[in-house]
Structure formats: structure tokens, C-alpha cells
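Notes for the one structure printed next.
Computed from the coordinates by the stated procedures, all read-outs in this text should not be read as laboratory data. In this text, all values refer to a predicted model and were calculated from it rather than measured experimentally. Quick reminder, even Gly has a Cβ in these numbers, built from the backbone with ideal geometry, and neighbours come from all protein chains shown.
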Amino acid sequence: MSAQINPDDALYVDMFIAKNAQTMNFIRSSYSAVLGLAAGTLGLTNLSGFIFYLLGSTFLSVLIFALKTKGQAGLYFRKSLDVFTEGVSGGLFSYILFWTLLYGIIHVYD
């Protein structure tokens with residue numbers, strides 16, 4: 001009896017999956033810092049600042065999904081949803097850091 005290989009089965013290499021996750025974390029952290037600088041400069045506070053982050057993070061995820069993975073994120077990650085969830089919480093900490101820093105520098109002494 002010969003073993004049949006199903007062409008629908010994807011072959012994942014853990015090293016490449018880890019590298020893609022590391023790249024996503026770097027991109028999301030860098031973009032979150034830029035979003036935080038923008039939110040602090042604009043003077044966003046409370047819920048409007050968090051909504052700004054969610055919209056910016058969603059925009060980044062859609063760009064990566066459409067441009068870099070060409071709609072086939074399952075080839076680069078274990079689950080296609082990882083493009084939208086990978087590194088979001090870590091990016092949030094970078095966002096808050098830069099948001100409060102710029103807000104404090106620009107708007108506290110107005």
C-alpha cells in the first residue's frame with residue numbers, strides 16, 4: 001500500500017513560521033509607535049485614542065493581508081487569522097507609551 005500525499009495539505013516549516021511571526025511583531029510595534037506619535041500630537045484622549053489604535057491596526061492588517069500575502073495568509077502562518085491577531089497586544093503597549101509621551105510633551109502645558 002503506497003502513501004498518498006494530499007495536495008491540500010500544507011507543509012509548514014517551524015523556522016519560517018517563527019520568522020514570519022517575528023517580522024509581524026516588528027512591523028506592528030514600529031507602526032504602533034508611529035500611531036502613538038500621531039495620537040499624542042493630535043491630542044486624542046480616552047476612548048478616541050483606543051479607537052484610533054484599533055482602526056490603525058486593522059488598516060495595517062488589511063494592508064499586509066492584501067499586499068504581502070496576496071490574500072493567502074495560510075501559506076505564511078498556521079492560521080489565516082494570525083495576520084490580524086499576531087502582535088496586537090504587544091503593539092498596544094508601544095502605542096500607549098508613545099501616545100502618552102507625545103501627549104504629555106505637547107498638550108499638558110497648554
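Given H placed on each backbone N at 1.01 Å, which residues far from Thr69 in sequence or on other chains put an amide H within less than 5 Å of it?
Residues meeting the criterion, in which the H sits 1.01 Å from N, do not exist here.
Read phi for every residue in segment 47-59 and hand back ³J(HN,Hα) as whole Hz from Karplus 6.51 cos²θ - 1.76 cosθ + 1.60, θ = phi - 60°, with x for Gly and Pro.
Listing the rounded values in order: 5, 5, x, 6, 5, 4, 5, 4, 5, x, 5, 5, 4 Hz.
For the chain, what log10 I(q)/I(0) values come out of the Debye formula at q = 0.11, 0.17 1/Å, with one point per alpha carbon and no solvent?
-0.44, -0.80
Where does the chain land at 222 nm, in deg cm²/dmol rounded to the nearest 500, when only DSSP H runs of n ≥ 4 count, each adding -39500 (n - 2.57), divided by all residues?
The helix contribution divided over the chain gives -22000 deg cm²/dmol.
Have a look at Ala38, Phe26, Ser94 and report the one farthest towards the positive end of the charge dipole of segment 18-107, computed about the Cα centre with Cβ charges (Lys/Arg +1, Asp/Glu -1).
Phe26
Once the other residues with Cβ under 15 Å from the Cβ of Met24 are scored (Lys, Arg +1; Asp, Glu -1), what is the net sum?
Combined, the nearby Lys, Arg, Asp and Glu give +3.
Compute, for the chain, the length of the dipole vector about the Cα centre, with Cβ point charges of +1 (Lys, Arg) and -1 (Asp, Glu) only. Units Debye, rounded to 20.
120
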